Amino acid sequence: MALISTSLLVVMIVAIMTPIMVEHEFVEHAKVAHYGRFQAAIERYIRENNSWDTEKDALRFAIAEENNRKLHRTPRNSPHMRPQGQADAPYFSGLPPPRRRPGSKASEELPFAFVLTDTQGHILHAGKDYKIGQKLTEEELSGADSLWVKGRLVAYALSSGEPDLSTADLAYLHTLRETLLFSALGAIVFIIPFGIWEGSRLVRTLNHLTSAVNRMAEGEFKQQVPVKSEDEVGALAKAFNLMNTQLHEAYKNLEDSRNKIAKQAEQLKELSIRDELTGLYNRRFFNEEVKVLHANALRYGNGFCLVLGDIDFFKRINDGYSHVVGDEVLKQVAKILMNSIRNSDIVARYGGEEMVLALPNTSPQAAMEMMERIRKTIEQHPWDSIAEGMKVTMSFGICDETNGEHFEHMLAVADELLYKAKNNGRNQVCSLSCSQTH
């Protein structure tokens, strides 16, 4: 719409201003012609009378102008017509005859003429709206043009009335207006369809760009818009596609880097909380988690048990089969423990061959049954696949007292019960609440 409106406005301005400028040029050309004649007549008067710019000069010049006017109005067959070659009027003649439209009567008042005054403002040659002898005001003189003869200001001149256009001038202006009208109509017939087509093409491309940018804002970074032209909009679409490709690649690389960093951070976190050999949680992480579990057990009165376990005669295994075999035993025991507990339970390597388990929401009886099942699994594991003739067992101490202020009290009790199980022959589970040792 802006393209069409602007084009139509230009057409209208040209159609309106052209006739006005033509009329203006007519007046300007008429000024040049008439002012030149005025200057020539005044120069001739000064040369013939050796005087100018007095009241007497103004009267003589005006009388000569009037005689010249009457002379040119006299019909060709009039007895008063000046014979060819007759001398000039009594004091001066030579001003241009007034221009009349072809076919007009001699006595018809002219619609347009130029006014000539002396330097005092007295009219020497009257136009349509003035009379000879009349004096112009200073305001009227301020809008007049100055006439000079040999560097001397001799008169003022200005136009009066409507432009006196001839039949040829009027025909020319009429033809010009019709030509401009048909040209404007032709331009409109061309501009409107072209503007609609061009505007639609422009809007389609811009809509593609807008939609692509909006989808990018929603997280769909891979966007491409069709390029259907080589103009500025096409260049913009190409630049967008290139920018989007580079941005998508940069985002993809950034996403890969972020995932890699996140994975490395997760690995570092796991390394910081897990034992390198067994893959169980380490002592530091276990202590931090058990603080929370112990506090929740005290607050809500839920069952909570801590279990401390130790591999029986582990030093003999290291000494008799090597430390490599001992490490493999630790790994297998850790695997059995992790496969035997619930998701809510925590198992950690507490030091050397010592393991610790936290069993939240677990009664003493349930804890006893679980650890007995684990003990049997360790005992029945095919250890001779690691080293021929090797047997591995494990002893456990269970504490279910949660009335202490700190969980370290429970660990101390579990350690005492583990020591008791060791003294009672190993490969057994000793619980504080269970009177019987298994």
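The values are calculated or read from the model by the stated rules, or taken from the named source; none is laboratory data. Only a predicted model underlies this, so the values are computations on that prediction, with no experimental measurement involved. Note that each Cβ is placed from the backbone with ideal geometry, even for glycine, and that neighbours are counted across all protein chains shown. These area figures cover heavy atoms from the full protein model, side chains too; ligands, DNA and RNA do not enter into them. Shrake-Rupley method; radii C 1.70, N 1.55, O 1.52, S 1.80 Å.
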_Per residue, in Å², the accessible surface of the chain once ligands and nucleic acids are set aside, probe 1.4 Å_ = 60 Å²
*Tally up the carbon and sulfur contribution to the accessible surface of segment 266-338 as a whole percent, 1.4 Å probe, everything protein left in place.*
52 percent
*Relative to a virtual label point 7 Å from the Cα of Arg274 in the Cα→beta-carbon direction, which members of segment 321-338 show backbone nitrogen distances below 13 Å?*
335, 338
_Once each part is reduced to its C-alpha centroid, what is the distance from segment 359-403 to segment 240-299 in angstrom?_
31 Å
*On full extension of the chain, what length is gained from Ser160 through Glu266, given 0.36 nm per residue of separation minus the C-alpha to C-alpha distance?*
28.3 nm
*With axes computed from alpha carbons, what is the tilt in degrees of helix 167-217 against the longest principal axis of the chain, rounded to the nearest 10 within 0 to 90?*
10 degrees
*If you roll a 1.4 Å probe over segment 155-241 with all protein chains in place, what percent of the accessible area is carbon or sulfur?*
66 percent
*What angle, in degrees between 0 and 90 and rounded to the nearest 10, separates the Cα long axis of helix 364-380 from the longest principal axis of the Cα atoms of the chain?*
80 degrees
*What length, rounded to one decimal in nm, is gained on full extension from Lys422 through to Ile63, with 0.36 nm per residue of separation minus their alpha-carbon distance?*
113.7 nm
*On a 0 to 90 degree scale, rounded to 10, what angle separates helix 2-49 from the longest Cα axis of the chain?*
30 degrees
*asked:* Tell me the label only: which of (1) 2.69; (2) 1.37; (3) 0.99 is Cα Rg over 2.2 N^0.38 Å as calculated from this structure?
replied: (1)
*Could you calculate the contour length gain from Ala295 to Glu369, that is, 0.36 nm times the residue separation minus the distance between their Cα atoms, to one decimal place in nm?*
24.2 nm
*asked:* Let's test the formula: R0 of 41 Å, r as the Cβ-Cβ distance of Arg258 and Val227. What FRET efficiency results, to the nearest 0.05?
replied: 0.80
*Specify the inter-centroid distance of segment 133-162 and segment 29-69, based on alpha-carbon positions, in whole Å.*
13 Å
